[in-house]
Amino acid sequence: MKKGIIFDVDGVIVDVSLSYHYAIKHTAEYFLKREVDIEDVRRIKFLRGINNDWLATLEVIKEFGKEESMEDIIKVFNEFYHSLRDREVLMLDKEFFESLRALGYPLGIVTGRPKSDLLYLFERHGLTPYFDAVVDEDTIPQEDLRKPHPYALHLCVETLELDSGVYVGDSLADWQMLKDYRKLYAKPFEYVHVGHRIKPVGVKVAEPDNLLVALQEVLQTL
């Protein structure tokens, strides 16, 4: 039986608390003409399970009583994000992925990041060679089938030709995607949650320093 591991990127492989989160904050402030507390940004994004940061920005703007077009939000957001992205720090380094590869596990990515942003991150940190399949925001033409729709996970699973595996995420949207995947597709898949901002009930939670052990424990049950 071929088992593999598929990762989210933001909040799992890389800490985006000083990049994407602040891009949401600064973009919302640009349109609202007022200051927005960063913890309000995180509360709205995580408690409402919003996967896409452009949509999270729109939700923050709505929270304070305004509406803006997504086209305008994306343009301003991208400018802020590109000025902040070098603040990102790896949570899982190359040695971590080398250890998984040495154990023989195929590795994949399912993320809501645009392809250009993902390539910039992976090339900057030398992560590209470790992944056998990548499904990003631009992989699937139909917007309604992109993450967090379970088809995104299904596409990665089938590309890797897995019989079973684990998805590693950090949000309610990730956990919901995995639950929806189980409803639609037959292959057994487990979920491991990284981080402390949100802890879904009834799932295995790990931190980066014990994730390797946690993944091996879960994979042994499949």
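The values are calculated or read from the model by the stated rules, or taken from the named source; none is laboratory data. Please read these numbers as outputs of a predicted model, since none were measured by experiment. All Cβ positions, glycine included, derive from the backbone under ideal geometry; neighbour counts span all protein chains shown.
What the table shows:
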item: Enumeration of residues in the range 55-81 that are closer than 23 Å to Arg197 by Cα, hydrophobic (A, V, I, L, M, F, W, C) and surrounded by fewer than 19 Cβ atoms within 10 Å (Cβ to Cβ); result: Leu55, Phe64
item: Filtered residue count, the range 1-38, keeping only those that are of a type in the set (Val, Ile, Thr), free of Cβ contacts under 8 Å to residues at least 60 places away in the same chain and assigned to a loop (DSSP other than H, G, I, E, B); result: 1
item: Residues satisfying the stated conditions in the range 65-92, i.e. touching a residue at least 24 places away in the same chain (Cβ under 8 Å) and outside any helix (DSSP H, G or I); result: Lys66, Glu68, Glu88, Val89, Leu90, Met91, Leu92
item: Number of the condition not met by Glu68 [criteria: (1) farther than 30 Å from Met1 by Cα; (2) in contact with a helix residue (DSSP H, G or I) (Cβ under 7 Å, 6 or more places away or on another chain); (3) of a type outside the set (Val, Ile, Thr); (4) assigned by TED's automatic domain parsing to the domain that holds Ser171]; result: (4)
item: Filter result for Leu58 (without any contact (Cβ under 8 Å) to a residue 24 or more places away in the chain, of a type in the set (A, V, I, L, M) and out of contact with any Lys or Arg (no Cβ under 7 Å at 6 or more places or on another chain)); result: yes
item: Which numbered condition Glu79 fails, given (1) over 18 Å from the mean Cα position of the chain (by Cα); (2) under 25 Å from Ala152 (Cα atoms); (3) modelled with pLDDT of 95 or more; result: (2)
